[in-house]
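Colleague: What follows is a single structure, and I will ask about it in a moment.
The values are calculated or read from the model by the stated rules, or taken from the named source; none is laboratory data. Note that this is a predicted model, so its numbers are computed, not measured. Glycine gets a Cβ as well: all are built from the backbone with ideal geometry, and neighbour counts include every protein chain shown.
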Amino acid sequence: MRTALNAVVVATAVTLAVLAGEARANPFQKLSDEDLAPYRTQTGAEAPYRAGERLLADLEARDAYVSAALVDAAIVRFHDREARRFANDRHAVLLAYGVIWVVVVGFVLLLWRRQRRLNHEIVELQAKIAAAERR
Amino acid sequence: MRSALVLVCALLAAAGYVVAPILIFEKAPLAPYYELLFNQKIFYYHVPCAWVVFAGAFVSGISSIGFLSTRSPRWDDVASAAADMVVLFGALMLITGPIWAKASWGAYWKWDARLTTSLLLWLIFVSYALLRRYGGPGSERLAAGLAIFGMADVPLIYFAVKLWKTQHPDTTVVPTLGPGMRPPFYLASFTFLFFFVVLLVARDALGRGQRLLHDAQDRFAELE
């Protein structure tokens, strides 16, 4: 009795799982390569978005709601991608910080060179004074 | 005493330049505006540069007033050194600002009041430096007048965003910073300030040394 009950429970679970899988199945999987061929771009023949436009036009003729939903999803995906790209754009920050360090180091080197020149001139003047004192 | 002060400032600036980027890039949150986000990290160095420019302009202007009223060359040495700081940090401000502007406004430059008066301040101190370099004897008094004129431009820059409609953010940005942004910002500001003091003292000592040496050379030439 118990074994039979277990068998019924397992069979029911398997049946429900199969039915759920069917419900979630991707309808585009059923399309053949020939069905999708008009929406593929031949390399170099046209820009890829042209094929997408054909797909949208055909879909719009079949179901305007699904077509509009697809366009909305594309817009959201585009904005999301751009926002991520912008948020992680390190180009401007690296450039700004790099410029700061290059200019500051350049100024410090300039000061150092001027100080060396000054020290050199002091040594020269000391030598002139010593020579004058000897005379 | 002065050497100790410079040493302390140099050590604090060095420590700040190590710690500040860690706080800026690891701890500070991203700015919550779509057009800012990661690019806002430029703010932590751009604004301190501007503050140091203001400090330099004030030091140069006040020292120039001291020079014109006492004719003491020591005032002139300090004014000249501070003017160099305005040119240096002003250049950094004017380079980092447009890089950030391009990233957030889409244009390197807008002729709004804040940007234009800032450029004017920098040009005044570039003129000061050129005058001191090529002006010949007596140019220091003319340069002192220029530095005072430059100092008068600082309040104009600060209040430009209130007096006129500008694209540049107004003066409420710093007081309204989020709690996560304040520590790195103030640390970066003090770091730049300490570095400014170190460079100012070094540049002042160099200018004073050059002046004393040239005086000594002139006296020696007269004796010869």
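Colleague: When the residues of the range B:47-66 are narrowed to those that are away from chain A (no Cβ under 14 Å), surrounded by fewer than 24 Cβ atoms within 10 Å (Cβ to Cβ) and touching a residue at least 24 places away in the same chain (Cβ under 8 Å), which ends up farthest from residue B:187 (Cα to Cα)?
Modeller: B:65
Colleague: Which residue pairs have Cβ atoms closer than 8 Å, lie 6 or more positions apart in sequence or on different chains, and pair a first residue in the range B:200-224 that is more than 7 Å from every other protein chain (Cβ to nearest Cβ) with a second residue that is outside any helix (DSSP H, G or I)?
Modeller: From the range B:200-224, no pairs qualify.
Colleague: I would also like to ask the following. Look at the range B:18-55 and say how many of its residues are modelled with pLDDT of 90 or more and charged (D, E, K, R).
Modeller: Looking only at that region, the number is 0.
Colleague: Hey, can you tell me all the residues within the range B:123-134 that are in contact with a helix residue (DSSP H, G or I) (Cβ under 8 Å, 6 or more places away or on another chain), without any contact (Cβ under 8 Å) to a residue 60 or more places away in the chain and not basic (Lys, Arg)?
Modeller: Scanning the range B:123-134 gives B:124, B:126, B:127, B:129, B:131.
Colleague: Another one. When you check residue A:89 against the structure, is it modelled with pLDDT under 90, under 21 Å from residue B:37 (Cα atoms), more than 10 Å from every other protein chain (Cβ to nearest Cβ) and within 18 Å of the chain's Cα centre (by Cα), yes or no?
Modeller: For residue A:89, the condition - modelled with pLDDT under 90, under 21 Å from residue B:37 (Cα atoms), more than 10 Å from every other protein chain (Cβ to nearest Cβ) and within 18 Å of the chain's Cα centre (by Cα) - is not met.
Colleague: From the list A:46, A:53, A:121, A:60, which one is free of Cβ contacts under 8 Å to residues at least 24 places away in the same chain and at the interface with chain B (Cβ under 10 Å from one of its Cβ atoms)?
Modeller: Only one candidate qualifies: A:121.
Colleague: Of (1) at negative phi; (2) more than 14 Å from chain A (Cβ to nearest Cβ), residue B:39 satisfies all except one. Which?
Modeller: Looking at each condition in turn, residue B:39 falls short on (2).
Colleague: Only residues in the range A:96-116 that are under 25 Å from residue B:99 (Cα atoms) and without any contact (Cβ under 8 Å) to a residue 60 or more places away in the chain count as the first member; pair them with residues that are hydroxyl-bearing (Ser, Thr, Tyr) and surrounded by 12 or more Cβ atoms within 10 Å (Cβ to Cβ), Cβ under 6 angstrom, at least 6 apart or cross-chain, and list the lot.
Modeller: A:96/B:96; A:100/B:45
Colleague: Looking at the range B:211-224, is at least one residue assigned to a loop (DSSP other than H, G, I, E, B), surrounded by fewer than 21 Cβ atoms within 10 Å (Cβ to Cβ) and not hydroxyl-bearing (Ser, Thr, Tyr)?
Modeller: Among the residues of the range B:211-224, at least one is assigned to a loop (DSSP other than H, G, I, E, B), surrounded by fewer than 21 Cβ atoms within 10 Å (Cβ to Cβ) and not hydroxyl-bearing (Ser, Thr, Tyr), which makes the answer yes.
Colleague: Say whether the condition of being closer than 20 Å to residue B:201 by Cβ and part of a helix (DSSP H, G or I) is met by at least one residue in the range B:37-46.
Modeller: No: zero hits.
Colleague: Of the residues B:190, B:194, which single one is crowded, with 19+ Cβ neighbours inside 10 Å, within 21 Å of the chain's Cα centre (by Cα) and part of a helix (DSSP H, G or I)?
Modeller: B:194
Colleague: Another question, if that's okay. Please go through (1) at pLDDT 90 or above; (2) over 30 Å from residue B:15 (Cβ atoms); (3) away from chain A (no Cβ under 14 Å) for residue B:129 and return the number of the only condition it doesn't satisfy.
Modeller: Failing condition for residue B:129: (3).
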